[in-house]
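J.: I am attaching a structure below and will ask some questions about it afterwards.
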Amino acid sequence: MIEKFYIVCLVSALSFSAIAAKQCKIIKSTVYDTFTAIDTARVDLEAYQAIITDDSTFKFGNWPASEGREAIRKAQKDFFTTVNGMSHKLHRIWIDECNVAVEGVVTYTTKDNKQVPIPFVDTFIYNSDDKVRVVNIYIDISPLERHSSGDR
C-alpha cells in the first residue's frame, strides 16, 4: 500500500511540475505564421491582434514602445497610413525555446507604389501558447522616410 502511495505522489509531482514549467517550443512554421500576420496587418489589423498577448509590447525602430493590444493597434494603424503595403523576406531564423530572432528584408510599397527594400532584424518572445509577448524591430526606416519626403 505504501508503494502505491509513493507512486501516486511521484506521478502527481511530475504532472504538477510539467504544468508549472510549461515551456514553449516555437517551430519555424510559427515564425512564418507570425510574419504572415504582420504582412496582412495593413488590411486586417485583427490578424496581428490574434497572435499577440493582451499585455504584448511592440517596439519599432527608435520609436516609443507600444504596450497592450489597443496601443499596438493604434501604432500599426497610424504607420499603415504612410504605406500601401509591405512584404517580409526572411533570410535567417534563430529559435531558442520562447525566444526568436529573424534577419531579413522588408519591402515597403509607398503611397506612389514604389518599392523600398530595407534590411531588418526582429526579436520575439513568445509565451507557451505561441502568442507574441514582446517584439523588437531593429530597422533603419530612413530610406522609407527619405522616399516619402521626396529625397530619392
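J.: Students sometimes get this wrong: rank Ser66, Ser87 by accessible area, probe 1.4 Å, all chains present, largest first.
T.: Correct descending sequence by accessible area is Ser87, Ser66.
J.: Quick one: grab the alpha carbon gyration tensor of segment 88-151, order the square roots of its eigenvalues as a ≥ b ≥ c, and give me rounded if a/c is under 1.5, else prolate or oblate depending on whether a/b is larger than b/c.
T.: Prolate, since a/c reaches 1.5 and a/b exceeds b/c.
J.: Still on this structure, please answer the following. Rolling a 1.4 angstrom probe over the protein chains, ignoring ligands and nucleic acids, what is the accessible area of Cys98 in square angstrom, nearest 10?
T.: 30 Å²
J.: Please calculate the 1.4 Å probe accessible area of Trp63, with all protein chains present, and give it to the nearest 10 Å².
T.: Rounded to the nearest 10, the figure is 100 Å².
J.: Here is a follow-up. Between Lys28 and Glu97, how many nm apart are label points set 7 Å from Cα along the C-beta direction?
T.: Each label point is offset 7 Å from its Cα along the Cβ direction, giving 2.3 nm.
J.: Continuing with this model, one more query. How much length, in nm to one decimal, is gained on full extension between Arg69 and Ala47, taken as 0.36 nm per residue of separation minus their Cα-Cα distance?
T.: 6.7 nm
J.: Next question. Run through segment 89-152 and list the GluC sites (Glu not before Pro) located in a DSSP loop whose Cβ has at most 13 other Cβ atoms within 10 Å.
T.: Within segment 89-152, the qualifying GluC sites (Glu not before Pro) (loop, at most 13 other Cβ atoms within 10 Å) are Glu97.
J.: Something else about it: Let me make sure I get this right: for segment 24-87, a, b and c are the square roots of the gyration tensor eigenvalues over alpha carbons, sorted descending. Under 1.5 in a/c it's rounded, otherwise prolate if a/b > b/c, else oblate. Which is it?
T.: Cα axes put segment 24-87 in the oblate bin.
J.: Using a cut-off of 12 Å between beta-carbons, work out the net charge of the residues near Ala47 (Lys and Arg +1, Asp and Glu -1, Ala47 not included).
T.: -2
J.: Give me the distance in nm between label points sitting 7 Å out from Cα along the Cα-to-Cβ direction at Thr123 and Asn84, one decimal.
T.: Result for the modelled spin labels: 3.6 nm.
J.: Please arrange Val83, Val121 by accessible surface area, largest first, computed with a 1.4 Å probe and ligands excluded.
T.: Val121, Val83
J.: Right, another one. Got a sec to turn the phi values of segment 40-51 into Karplus ³J(HN,Hα) couplings, 6.51 cos²θ - 1.76 cosθ + 1.60 with θ = phi - 60°, whole Hz, x for Gly and Pro?
T.: These are the phi-based 3J(HN,Hα) values: 8, 4, 4, 9, 8, 4, 5, 4, 6, 4, 5, 9 Hz.
J.: Which pairs break 23 Å Cα to Cα here: Lys59/Lys114; Lys28/Lys114; Lys111/Lys131; Lys59/Lys89; Lys28/Lys111; Lys28/Lys77?
T.: Pairs exceeding 23 Å: Lys59/Lys114; Lys28/Lys114; Lys111/Lys131; Lys28/Lys111; Lys28/Lys77.
J.: Apply the Karplus curve 6.51 cos²θ - 1.76 cosθ + 1.60, θ = phi - 60°, to the phi angles in segment 119-128 and return the couplings in whole Hz, x for Gly and Pro.
T.: Karplus-based 3J(HN,Hα) across segment 119-128 equals x, 8, 9, 10, 10, 10, 10, 9, 8, 6 Hz.
J.: Under the rule a/c < 1.5 gives rounded, and otherwise a/b versus b/c splits prolate from oblate, where does segment 21-152 land using the Cα gyration tensor?
T.: Taking the square roots of the gyration eigenvalues as a ≥ b ≥ c, segment 21-152 is prolate.
The values are calculated or read from the model by the stated rules, or taken from the named source; none is laboratory data. Everything quoted here is computed from the prediction, not taken from an experiment. With ideal geometry, Cβ positions are generated from the backbone for all residues, glycine too; neighbour counts draw on all protein chains shown. In case anyone asks, the SASA skips ligands and DNA or RNA and just uses the protein heavy atoms, side chains included. Shrake-Rupley method; radii C 1.70, N 1.55, O 1.52, S 1.80 Å.
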